[in-house]
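Student: Dropping a structure here in structure tokens format, bear with me for questions.
The values are calculated or read from the model by the stated rules, or taken from the named source; none is laboratory data. No experiment lies behind these values; they were computed from the predicted model shown. Cβ coordinates were reconstructed from backbone atoms using ideal geometry, including for glycine residues, and neighbour counts include every protein chain displayed.
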Amino acid sequence: MTILRELLQSFLTFLERVGLLARFALQLLVITPAGLLRVRPIIEQVYNTGALSLVIIMTCGLFVGMVLGLQGYDLLTRFGSEEYLGTATAISLLRELGPVVTALLFAGRAGTALAAELGLMRATDQIAAMEIMAVDPMRRVVLPRFLGGVIAMPLLVAIFVVVALFGAQLVGVEFFGVDSGSFWSQMRSSVELSDVREGLLKGVVFGIACSLIAVYEGYTALPTAEGVGRATTRTVVISAVVTLILDYILTALML
Amino acid sequence: MRSTRTIDISTGLFVLLGFAAILFMVTQITNREFSLTSDSYRLKALFENIGGLKPGAPVSMAGVTVGRIEDISYDMNLLKAVVTLRIDGRYNAIPNDSDASIFTAGLLGGQYVALTPGGSEEAFKNGDQVEFVQDAVVLENLISKYLFDSAAKKSGAAAAPAPAPAAQE
């Protein structure tokens, strides 16, 4: 019986968290139009989440592309069709790997930073102080961070994909000697504009999801050292799970 | 906190890089060399069998893409497939007795419609029908025909004096 009750209890807690998150998202949505007018803090957050993530995104993109080049070349030579390497890497990167890997890296690099920062602000009573001074912390602190993440994410996806393509080209063309003309021309003839659109749309959706989870977990963290640590961990775990579930739903919708 | 100028410059660099990447994706790795202009016109062609032809497949003349397949439907009265070709307005002097054939690009490639110009003085107009068509070649039909023919030849050789079985079709 106790096990059943605990299960029920944890299920109710889960429902409560989903409800709170939805309410938090609605609150953010309502103040977004006004928040967009205050450009200065958004720029700062695009710098924090986007520009500071550039190095890790580009490094990982390069290696993801290189490994796609290796695996793709090995697989395609078995069918004697290595000139399709460009097509295979471009489509898999644009549709899946680009947005998903970028979102996971984004959650690890930028999401944790956001959650830890907000959690520490909560723990050191900075948020309470703002409320006392009649400054709305949602507008002042949470919203610019959320918007910065949403703006930065699709751009990061695009950079990731392009760097990865050059990584694949490096391995396929420079190391293995796939003809560079057929690598690019096969890619060009079979990649549709809708593939690019799908990738960027996924980037936007994942950006919204990951930023929302990060700011929510940070903002509602327990004001203790342990609470901040737990908020950071939860950010990464929940972002990763939500990204992968959303990825399946979006792919099923757009195929 | 770093100075605002540094932040601005790196943010600008990041945003520029992002948009450059998007531009690269849109122009360099997608199929954009052919987009229909607004003054394109439509032709219809009736086929007995279109094989694996799909909407969006290219229409080419002498290997140059001049249009796309816009729509494929089945006409219940004529019992034929109706293929709507959308031809770019630049190619407005295609003789109206040209013929349309369905070919396959390469071994694994998709199918496309090739227009071969005829000798007529008049050009196709919007809504015209292509009179001369050649259906898609279905590989299974070819193979079964080949097998059937060779089997018929063998049995014909065995029964030498007897009249060969009537040729098919």
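Student: Failed condition for B:V130, given (1) at pLDDT below 80; (2) of a type in the set (V, I, T); (3) touching a strand residue (DSSP E or B) at 6+ places or on another chain (Cβ under 7 Å), with all others met?
Tutor: That leaves (1) as the condition not met.
Student: In the stretch B:67-96, which residues are without any contact (Cβ under 8 Å) to a residue 40 or more places away in the chain and not aliphatic (A, V, I, L, M)? Quick ask: steps written out before the conclusion?
Tutor: Taking the stretch B:67-96 and keeping what is without any contact (Cβ under 8 Å) to a residue 40 or more places away in the chain, we get B:67-68, B:70-83, B:91, B:93-96.
Passing the criteria: B:G67, B:R68, B:E70, B:D71, B:S73, B:Y74, B:D75, B:N77, B:K80, B:Y91, B:P95, B:N96.
Listed here are the residues, each with its yes/no results for (1) modelled with pLDDT of 85 or more; (2) surrounded by 13 or more Cβ atoms within 10 Å (Cβ to Cβ).
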{"site": "B:L16", "(1), (2)": "yes, no"}
{"site": "B:A20", "(1), (2)": "yes, yes"}
{"site": "B:R32", "(1), (2)": "no, yes"}
{"site": "B:G51", "(1), (2)": "no, yes"}
{"site": "B:S60", "(1), (2)": "yes, yes"}
{"site": "B:V66", "(1), (2)": "yes, yes"}
{"site": "B:K80", "(1), (2)": "yes, yes"}
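Student: Quickly run through the stretch A:196-221 and pick out the residues that are charged (D, E, K, R) and surrounded by fewer than 19 Cβ atoms within 10 Å (Cβ to Cβ).
Tutor: Kept after step one, since they are charged (D, E, K, R), are these residues of the stretch A:196-221: A:197-198, A:202, A:217.
Result: A:R197, single match.
Student: Of the residues A:Q71, A:Q45, A:Q27, which single one is assigned to a helix (DSSP H, G or I), within 14 Å of chain B (Cβ to nearest Cβ) and of a type in the set (S, T, N, Q)?
Tutor: Values: A:Q71 fails: within 14 Å of chain B (Cβ to nearest Cβ); A:Q27 fails: within 14 Å of chain B (Cβ to nearest Cβ).
Residue meeting the stated conditions: A:Q45.
Student: Collect the residues in the stretch A:150-197 that are at the interface with another protein chain (Cβ under 9 Å from one of its Cβ atoms) and more than 23 Å from B:G18 (Cα to Cα), keeping them in residue-number order.
Tutor: A:S189, A:S190
Student: Still on this structure, please answer the following. For A:V101, are the conditions met, namely being aliphatic (A, V, I, L, M), away from chain B (no Cβ under 14 Å), over 25 Å from A:T59 (Cα atoms) and crowded, with 17+ Cβ neighbours inside 10 Å? Lay out the reasoning, then the answer.
Tutor: Details: aliphatic (A, V, I, L, M): yes; away from chain B (no Cβ under 14 Å): yes; over 25 Å from A:T59 (Cα atoms): no; crowded, with 17+ Cβ neighbours inside 10 Å: yes.
The answer is no for A:V101.
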